[in-house]
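Take a look at the structure below.
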């Protein structure tokens, strides 16, 4: 029989704030105390990074909305262990959820959860990178951020 | 006696007797069996009166572990009992099923990955949310060392899995596997023991839990199992001391 898992989701939920990609069409809620970063010049990739405590892997969420010319990419490439892959609704649109784990170049074990869909010709991808030994502790936060993905349809674009 | 060692990869393959002798030698060099020690020295696993440097991290985990780990994986073909010792650098002894084992040191944060690989955790279809009770005797049979008993327990399992026809069909043709992960570690004056167990088929995953009726099989997902697997480990394994969450 399996036992209850006292560490699962034990981290308190922090106060949250919203970050969005350029134009505000896609947004997520992230911990308000985390550093937010715009990656790339077009504003299509934004990230929230856990404060640095000097020793552990900094959990981060990356929201990307690049143009999608075809189906979602095959994420199974690379030296990763694929733990889960499932069809899910992402912000009310058909999408996928995927969980992998891999070693970083610094030999850290990182678990990556990704949610992806395509809306109005743009891929919407949320990627959560978590130090593996903290995936239980941070499960509630990760689920809450994933559930917060919001997509505002672009004017003049039809599904 | 079977020992193979590759110093370039720190890969050590050996039988149980040799492993016990090596672990004892790491603790008390004076008490080791000369013949076994000679075999270990012949392959370079013991050098200049001490275990090879590439083995010392893993052996330190064995002799001074913060927590012990067992991963029992069974299917119709066999039973494998893998052992682990968790410390700042951990160690795993992987049961190869032929009387030999691979011994390796493992970065502690990669222990869940190692367990997931040993248990074959991977993507599975989702199952309807139904819970079924399962007799202890069936669970015992699924992990029995006797192939015939495992086979009959597998048939009983297939009957129990009727609410999920694809899972039942997979189990009926021998496509089932069980995994049971046990971890134990001392906290102050007591030992904390935690267990995570599941039944796996290509058609879906079921966690073994207990309710007031006894053991039950509950649909689960690889994501939930992965999170649960990490959560049964002692907290703060990557620091000097093990701290048990309240």
Next on the checklist: Whether any residue in the range B:219-227 is within 18 Å of the chain's Cα centre (by Cα), farther than 28 Å from residue B:173 by Cβ and within 11 Å of chain A (Cβ to nearest Cβ) is what I want to check.
Outcome noted: yes
Item to check | Filter result (more than 7 Å from chain A (Cβ to nearest Cβ), in contact with a helix residue (DSSP H, G or I) (Cβ under 9 Å, 6 or more places away or on another chain) and touching a residue at least 60 places away in the same chain (Cβ under 8 Å)) within the range B:99-110 | outcome: B:99, B:100, B:101, B:103, B:104, B:105, B:108
Next on the checklist: From the list B:144, B:168, exactly one residue is more than 14 Å from chain A (Cβ to nearest Cβ) and in contact with a strand residue (DSSP E or B) (Cβ under 8 Å, 6 or more places away or on another chain). Which is it?
Outcome noted: B:144
Checklist entry - Limited to the range B:44-64, what total is found for residues that are out of contact with any helix residue (DSSP H, G or I) (no Cβ under 9 Å at 6 or more places or on another chain) and either in a strand (DSSP E or B) or surrounded by fewer than 18 Cβ atoms within 10 Å (Cβ to Cβ) (or both)? => result 4
Checklist entry - Does residue B:151 meet the test of being surrounded by fewer than 17 Cβ atoms within 10 Å (Cβ to Cβ), more than 10 Å from chain A (Cβ to nearest Cβ) and part of a loop (DSSP other than H, G, I, E, B)? => result no
Next on the checklist: Going through B:115, B:79, B:71 one at a time, which residue ends up being surrounded by fewer than 21 Cβ atoms within 10 Å (Cβ to Cβ), touching a residue at least 12 places away in the same chain (Cβ under 8 Å) and either in a strand (DSSP E or B) or within 14 Å of chain A (Cβ to nearest Cβ) (or both)?
Outcome noted: B:79
Item to check | Residue match in the range A:50-71 (condition: away from chain B (no Cβ under 14 Å), in contact with a helix residue (DSSP H, G or I) (Cβ under 9 Å, 6 or more places away or on another chain) and without any contact (Cβ under 8 Å) to a residue 24 or more places away in the chain) | outcome: no
Next on the checklist: Quick check on my filter: what residues within the range B:170-198 are without any contact (Cβ under 8 Å) to a residue 60 or more places away in the chain, more than 29 Å from residue B:65 (Cβ to Cβ) and surrounded by 15 or more Cβ atoms within 10 Å (Cβ to Cβ)?
Outcome noted: B:170, B:171, B:172, B:175
Next on the checklist: Looking at the structure I just gave you, is residue B:165 surrounded by fewer than 16 Cβ atoms within 10 Å (Cβ to Cβ) and at pLDDT 95 or above?
Outcome noted: yes
Item to check | Unmet criterion (only one of (1) modelled with pLDDT under 95; (2) out of contact with any strand residue (DSSP E or B) (no Cβ under 7 Å at 6 or more places or on another chain)) for residue B:18 | outcome: (2)
Checklist entry - Out of the residues in the range B:119-137 that are crowded, with 19+ Cβ neighbours inside 10 Å and under 19 Å from residue A:1 (Cα atoms), which is nearest to the other protein chains (Cβ to nearest Cβ)? => result B:121
Item to check | Matching residues, the range B:18-36, being over 12 Å from residue B:2 (Cα atoms) and surrounded by 15 or more Cβ atoms within 10 Å (Cβ to Cβ) | outcome: B:21, B:22, B:23, B:24, B:25, B:26, B:32, B:33
Item to check | Where residue B:90 falls short, out of the listed (1) part of a helix (DSSP H, G or I); (2) within 16 Å of the chain's Cα centre (by Cα) | outcome: (1)
Checklist outcome for this item: A careful count of residues in the range B:171-218 that are at positive phi and away from chain A (no Cβ under 14 Å) gives 2
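The values are calculated or read from the model by the stated rules, or taken from the named source; none is laboratory data. Owing to the predicted nature of the structure, the values given are computational and were not obtained by experimental measurement. Cβ atoms come from the backbone with ideal geometry, glycine included; neighbour counts cover every protein chain shown.
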